[in-house]
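A short write-up of the structure that comes next.
The values are calculated or read from the model by the stated rules, or taken from the named source; none is laboratory data. Keep in mind it's a predicted model, so treat the numbers as computed, not measured. Cβ placement follows ideal geometry from the backbone for every residue including glycine, while neighbour counts extend to all protein chains displayed. With ligands, DNA and RNA removed, areas are computed over all heavy atoms of the protein, side chains included. Shrake-Rupley method; radii C 1.70, N 1.55, O 1.52, S 1.80 Å.
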Amino acid sequence: MRVVVLASGRGSNLGALIAAQREPDARFEIVLVAGDKPEAQALRIAEGAGIATIALDPRGYADRTSFDADLFARVAANAPDLVVLAGFMRILDPGVLAPWVGRMINIHPSLLPKYRGLKTHARAIEAGDAVHGASVHFVTPELDGGPVIAQVGMTIEAGDTPATLAARLLPLEHRLLVATVDLVAERRVLLDGDGVRLDGAPLSGPLRLTGRTLAA
Ligand code: GRF
């Protein structure tokens, strides 16, 4: 399966995907990494791995729609089966996004539907939650609101700060994203209407990650 990754920042989730595609039994190949921040570490990681990159600066465009249209024209030129948003910090134009629904996933650091948007770790602590986690979902025009495929949970300990939570969650995010991309690449998971199917059967809730394996 051909994968395009969009990333704006540090690129640790991208790094996990690159490590996975180097495994002998890899089910996907990252054909392009594109971003909206030319200085992003994610682009340097891709270059270091010999993956083609594109960096577009939104300031060079009249509006969001023209930026997104240009970005996705370039994405489409690489004929991906799947687009992975891995720390891509932009809201996408609904019209540009529409043809990609079902072929685009995002990783989000919360147990959706809790805490869409930013500052998820702080919000989980402030709410007094006992558990926190991350989700991978199909992207729809609703910000962080598309059907959830898979989640990983972790306990919030007394004394946790947003920084300690983020640090503990990140390696779990990496495993969650790789395991989910593997399932999509095997064509075992797909979006059907508003729902996610695994091996043809509707999911009654998100898949859960245990170790490196996802299960209902
Ligand atoms: C991750 O926490 C991801 O869940 C969120 O943005 C962060 C990206 O981190 N969407 P990185 O750039 O992959 O290191």
Residue within region 67-79 that is within 15 Å of the ligand (Cβ to nearest atom), modelled with pLDDT of 95 or more, out of contact with any Gly (no Cβ under 7 Å at 6 or more places or on another chain) and open to solvent by less than 40 Å² (accessible area, probe 1.4 Å) present: no
Flag if ALA26 is more than 16 Å from the ligand (Cβ to nearest atom), outside any helix (DSSP H, G or I) and without any contact (Cβ under 8 Å) to a residue 12 or more places away in the chain: yes
Meets criteria (in contact (Cβ under 8 Å) with a residue 12 or more places away in the chain and either open to solvent by less than 30 Å² (accessible area, probe 1.4 Å) or assigned to a strand (DSSP E or B) (or both)) for ALA98: no
ASP57 being open to solvent by less than 60 Å² (accessible area, probe 1.4 Å), within 16 Å of the ligand (Cβ to nearest atom) and under 16 Å from ARG90 (Cα atoms): no
Selected residue (criterion: nearest to LEU14 (Cα to Cα)) from residues of region 101-116 that are within 16 Å of the ligand (Cβ to nearest atom) and open to solvent by 20 Å² or more (accessible area, probe 1.4 Å): PRO109
Matching option when the condition is open to solvent by less than 40 Å² (accessible area, probe 1.4 Å), in a helix (DSSP H, G or I) and farther than 26 Å from ARG188 by Cβ, among ALA46, ALA34: ALA46
Filter result (in contact with a helix residue (DSSP H, G or I) (Cβ under 9 Å, 6 or more places away or on another chain) and open to solvent by less than 40 Å² (accessible area, probe 1.4 Å)) within region 180-216: VAL181, ASP182, VAL189, LEU198, LEU207, LEU209, LEU214
